[in-house]
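Visitor: Quick one: this structure, given as structure tokens, is what I'll be asking you about.
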Amino acid sequence: MTKDEMKEKITEILEDIDDSIDYASEEHLIDDHILDSFAIISLVGELEDEFDIKVSAVDMVASNFNSVDDMAQMVERLMA
Amino acid sequence: MAYNQLPYLAIFLPAVLIAYKLTPAAYRKYTLLASSWIYFYLCSQYLLLYLVGTTVFVYLLGLAMEKFPLKSAPRKALCGIGIAGLFGTLLYVKYTNFFIKIINTIGSAGTGWHNIPGLHILVPIGISFYTLEAVSYLLEVDWGRAGSDHDFCRVALFLGFFPQTMEGPIARYQDTAMQLTQGEDLHLNNIRDGAIRIVWGLFKKMLIADRLNTAVGTLFTNYTQYHGSMIAISGVFYALQLYMEFSGVMDIVIGSAQMFGIKLPENFRQPFFSQTAAEFWRRWHITLGVWCKTYIFYPVTTSDAAKKWNKFARKKYGKYIAKVTISAMALAPVWMFNGLWHGPQWNYIFYGIYYLVLLELEEVLEPVKKGFYKKTGLSKDSWFWHLFRILRTWLIIFTGEMFFRANGLRAGLAMFRSIFYQFHISSMWDGSLLKLGLDAWDFAVIILGTATVFVYDLLKEKDIHVWELVSQKKTPVRWALVYCLVFAVVIFGAYGAGYQKVDLIYAGF
């Protein structure tokens, strides 16, 4: 899977959780309190299923979830 | 020596600043540590040993953990021993008598164990706060997000930096530790900005919170003598008092640290503009919320058991049920902990359960809410719904704070019941409010003071920072505004004859 495909899939998952956000332009989803911790729980479950990764408490930091780019980077790291 | 009192503001803090300035940069961390431990000793005398003991314990465990690879069993075991030791001490100091009381109550119902005498245990100042910081340090080291610190002084300052001793904020090791030992030179700008922040904190605490204290004390002590409307007012008054007091003290704390060039995390972000209970807790006592989220909520939701359930529930019952149940699973320990952390009282536990139920309800009703907006075509961002949600959240906050402040759960429940009886709105103007130990002048100061803080918060909510604007003004204008604030505190502050000395509320937790 290319990185662009990965980002596309992540955006799809995010839109399923809340479709009122423009994920392409947001870079502070957590810092600006756009996504809350309940949304993050759903997101983590979906990411784990989709990419067959294991997200642990250690990965639960804002810098991993602030943008689609950040999430893709985390997924890539966890897939390696 | 509370942060709002003259011995701290006029003697201790200036003395530390001078000593810090006179010390060579490389040794300034020792000046800060000596000052911090002296401050602790002045507050809690020989109970300083608890803090020193905790520091040595955590420091050595950090070093020991470093010897084992990440995720290895010995590393995890050492972290576990550390957390058990830290919470064990906190439980012993704060909760022993609570548990003895429970055993005695159960015993008097037939088991025969009902005569265990209570223990006389002295509680060191700030133990609830530095314990959470110590646990945070151990977990961050265990997870590999922070390295084991070889500098004992830095660990000691992280746990005991004097402005944070009494009421936090509960910092994360990575956010403050390095700053504490940098020996940054004193800068006039930092001292000026820190001093203004301190005066602003004094304004909130001394004009509003300490003045409200008399009325709050009267209402909560004699609640049986008041009818519903006055009881409802007690919740409003206490919420206001607690906000002005706690956020005011945080201004003093953060301002004190700022003078040394140290940036502590913020604990409040205009909480009364929250539109939901969940949002309120992201804006109120932020560092406690972040601690609970980082070290309880996320570890529970990312645990194997939770993930297994999540997977199963999503397949079997759908995403909605999975999300709601996982939320409940993670919120329950968070809110039980939050309630108990405040102290060994049933009303604190009830307070935790109260928010647990409300937050879970918000999650459960999310689709109903979405459906409502979709069906009616109403915009959730319209000013009407915005205001409606803020006012609804106020009701939730006021009710919660009433239970929180009540003299026991029984009293809290009785007060809540009485709100629905004999609710006379006329209490607002028939003179009842003037029988609470406050006169019309006091209320005028409270209303004007609150209005000032409201405007300040409103501007901040709009991303307009008053002190940044003020600092861009010409010198006479700047000084005039600062003088106004100082004179307001000196002239209208509730202190001296006619006022009771008010202890810091959160220092008691």
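Laboratory data are not the source of any read-out in this text; all were calculated from the coordinates shown. For clarity, every value in this text was computed on a predicted model and none was experimentally measured. All Cβ positions, glycine included, derive from the backbone under ideal geometry; neighbour counts span all protein chains shown.
Visitor: Kindly provide the Kirkwood hydrodynamic radius of chain B in Å, to one decimal, from all pairs of distinct alpha carbon atoms.
Guide: 25.0 Å
Visitor: Follow-up question, since we're still on this one. How much net charge surrounds residue A:1 when only other residues with a Cβ under 14 Å from its Cβ are counted (Lys, Arg +1; Asp, Glu -1)? Mind dumping the intermediate values first?
Guide: Numbers: positive: A:3, A:7, A:9; negative: A:4, A:5, A:8, A:12, A:50, A:52, A:76.
Result for the local shell: -4.
Visitor: Given the protein assembly as shown, what whole percent of its Cα pairs are spread farther than 29 Å?
Guide: 61 percent
Visitor: Based on DSSP H runs of at least 4 residues, each adding -39500 (n - 2.57), what is the mean residue ellipticity at 222 nm of chain B after dividing by all its residues, to the nearest 500 deg cm²/dmol? Intermediate results must be reported in sequence, preceding the final value.
Guide: Values: 22 runs with 337 residues, N = 509.
Calculated at 222 nm, the ellipticity per residue is -22000 deg cm²/dmol.
Visitor: Relative contact order for region B:171-272: what percent, with Cα pairs under 8 Å and sequence separation of 6 or more? Present the calculation step by step, with values, prior to reporting the outcome.
Guide: Values: 108 pairs, mean separation 48.6, N = 102.
It comes to 48 percent, rounded to a whole number.
Visitor: Moving on to the next point. How many percent of all Cα-Cα pairs in region B:77-151 sit more than 18 Å apart?
Guide: Working: 1543 of 2775 pairs.
Percentage above 18 Å: 56.
Visitor: Can you check what the Kirkwood hydrodynamic radius comes to for region B:12-185, Cα pairs only, in Å to one decimal?
Guide: 17.7 Å
Visitor: Using the structure shown, select from B:293/B:323; B:370/B:462; A:3/B:71; A:9/B:375 the pairs with a Cα to Cα distance greater than 19 angstrom.
Guide: Working: B:293/B:323 16 Å; B:370/B:462 26 Å; A:3/B:71 29 Å; A:9/B:375 30 Å.
In this structure, B:370/B:462; A:3/B:71; A:9/B:375 exceed 19 Å between Cα atoms.
Visitor: Counting other Cβ atoms within 10 Å of each Cβ, which trypsin sites (Lys or Arg not before Pro) in region B:346-444 have at most 16 and sit in a DSSP loop? Walk me through the numbers before you get to the answer.
Guide: Values: sites: B:369, B:370, B:374, B:375, B:380, B:389, B:392, B:405, B:410, B:417, B:435; in loops: B:380.
Within region B:346-444, the qualifying trypsin sites (Lys or Arg not before Pro) (loop, at most 16 other Cβ atoms within 10 Å) are B:380.
Visitor: With charges only on Cβ, +1 for K and R and -1 for D and E, what is the dipole size of the protein assembly as shown about its Cα centre, in debye, rounded to 20?
Guide: On the way: 52 positive and 54 negative charges, 299 e Å.
Magnitude of the dipole: close to 1440 debye.
Visitor: Hey, if you put +1 on the Cβ of every Lys and Arg and -1 on every Asp and Glu Cβ in region A:3-79, which of A:11, A:21, A:38 ends up farthest toward the positive end of that dipole?
Guide: Towards the positive end, the residue furthest out is A:38.
Visitor: Let's see if you can work this out: charge +1 on each Lys and Arg Cβ, -1 on each Asp and Glu Cβ, no other charges. What is the dipole magnitude of region A:3-79 about its Cα centre, in debye to the nearest 20?
Guide: In total the dipole reaches around 380 debye.
Visitor: Here's something else I'd like to know. Say each of residue B:25 and residue B:487 gets a label point 7 Å from the Cα, pointing the same way as Cα to Cβ; how far apart are those two points in nm?
Guide: According to this spin-label approximation, the distance is 4.2 nm.
Visitor: Okay, moving on. Hydropathy first: keep DSSP H helices in chain B averaging at least 0.0 on Kyte-Doolittle, then drop any whose Cα extent along the axis falls short of 20 Å, and list what survives.
Guide: Values: long enough: B:28-44 (24 Å, 0.39); B:48-66 (27 Å, 1.77); B:73-106 (41 Å, 0.93); B:127-143 (24 Å, 0.74); B:188-202 (21 Å, 0.39); B:228-259 (46 Å, 1.11); B:319-341 (33 Å, 0.91); B:346-364 (26 Å, 0.78); B:383-405 (32 Å, 0.70); B:440-461 (31 Å, 1.16); B:475-492 (25 Å, 1.99).
The answer, listed by residue number, is B:28-44, B:48-66, B:73-106, B:127-143, B:188-202, B:228-259, B:319-341, B:346-364, B:383-405, B:440-461, B:475-492.
Visitor: So, in nm, how far is label residue B:73 from label residue B:101 when the simple model puts each one 7 Å beyond its Cα toward the Cβ?
Guide: With each label placed 7 Å out from Cα toward Cβ, I get 4.3 nm.
Visitor: So, in Å, what gap is there between the alpha-carbon centers of region B:137-189 and region B:308-326?
Guide: 40 Å
Visitor: Any idea how far apart residue A:22 and residue B:5 come out in nm if each label point goes 7 Å out from Cα toward Cβ?
Guide: 5.5 nm
Visitor: How do B:199, B:470, B:490 rank when sorted from fewest to most other Cβ atoms within 10 Å of their own Cβ?
Guide: Exposure proxy ranking, most exposed first: B:490, B:470, B:199.
Visitor: Additional query: Is there a simple number for the mean count of other chain Cβ atoms within 10 Å of the Cβ of residues in B:302-310, and what is it?
Guide: What the average comes to for B:302-310 is 3.
Visitor: Across 10 Å bins from 0, what is the distribution of all Cα-Cα pair distances for region B:274-405, in whole percents?
Guide: Result returned by the calculation: 12, 36, 33, 18, 1.
Visitor: Using only alpha carbon pairs under 8 Å that are at least six residues apart, calculate the relative contact order of chain B and give it in whole percent.
Guide: Value for chain B: 18 percent.
Visitor: Return the FRET efficiency for the residue pair residue A:76, residue B:64: r is the Cβ-Cβ distance, R0 is 35 Å, and the value is rounded to the nearest 0.05.
Guide: The computed FRET efficiency comes out at 0.55.
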